[in-house]
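Q: Have a look at this one before I ask anything.
Any read-out appearing in this document is the output of simple, stated calculations on the displayed coordinates, not a laboratory observation. These figures come from a predicted structure and were not determined experimentally. No Cβ is skipped: glycine too gets one built from the backbone with ideal geometry, and neighbour counts run over all protein chains shown.
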Amino acid sequence: MYFLLAFATLAVGHFILEVPTSIGYEDIKEGSPPCGGFDITSRAGVTEWPLAGAPLKIISTHPGAQYTIQATLLTDAAAASGGNFNFTSMVPLLTQSGRGGLCLPAVPGIAAWEGKDAVVQVIQEATDGQLYQVCQACPPQTVGIPNSSLSADTS
Ligand SMILES: [Cu+2]
């Protein structure tokens, strides 16, 4: 679906993973799991992901949505065949009640994966069904305290 929007970064519909850098965004392919039409093993534009957390920002054109934010080790993603991916949840299911930005200041890294490359997947469930955006995560570099006071800003 297409809307005329004030967002300079969003020319067409669905949702965009604005932070961190996503593997890619193409409106018509966004419904294709697991990466919205892009290669899950791509390592262009890798983001460092401290255990204490990395920021994540979504911009959505849908009037309401739910988000699953989860990760898989790069080695597991590369080995997965027939769609048998092994994702681990990073935060509880999120609900956004309007259009626009959803900002998470710190999505915690997964402590057991320190030193390992991973891939973070964001799934939006909204009026168009499930949509997918993925980014590459660098191994957590430092041991930190997982941020348990995650807050969602839906303004
Ligand atoms: Cu849409």
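Q: Just to be sure I understand: if I project the alpha-carbon convex hull of region 70-123 onto a plane and average over all orientations, what area do I get in nm²?
A: Averaged projected area of region 70-123's Cα convex hull equals 4.9 nm².
Q: Can you give me the convex hull volume of the Cα atoms of region 15-138, divided per residue and expressed in Å³?
A: So the per-residue Cα hull volume is 92 Å³.
Q: So for region 15-138, averaging the separation of alpha carbon pairs under 8 Å that are six or more residues apart and normalising by length, what relative contact order in percent results? Let's see the in-between values first.
A: Working: 296 pairs, mean separation 47.3, N = 124.
In percent, rounded to a whole number, it is 38.
Q: Spelling out what I want: for every residue of region 122-132, take phi, set θ = phi - 60°, compute 6.51 cos²θ - 1.76 cosθ + 1.60 (Karplus), and round to whole Hz; glycine and proline get x.
A: Ordered by residue, 3J(HN,Hα) equals 10, 10, 9, 10, 8, 4, 8, x, 8, 10, 10 Hz.
Q: Quick one: putting +1 on the C-beta of Lys and Arg, -1 on the C-beta of Asp and Glu, what dipole do you get for region 15-138 around its Cα centre, in Debye to the nearest 20?
A: Working: 5 positive and 11 negative charges, 32 e Å.
With Lys and Arg at +1 and Asp and Glu at -1, about 160 debye.
Q: Let me ask something else about it. Would you mind ranking VAL91, VAL122, VAL107 so that the residue whose beta carbon has the fewest other beta carbons within 10 Å leads the list?
A: With the sparsest Cβ surroundings first, the list reads VAL91, VAL107, VAL122.
Q: Quick check: Cα centre of region 79-95 to Cα centre of region 11-37, how many Å?
A: One Cα centre to the other: 16 Å.
Q: Could I ask something else about it? Sorting THR61, THR88 on the 10 Å Cβ count, fewest up front, what's the list?
A: Numbers: THR61 21, THR88 13.
Listed from fewest to most nearby Cβ atoms, that is THR88, THR61.
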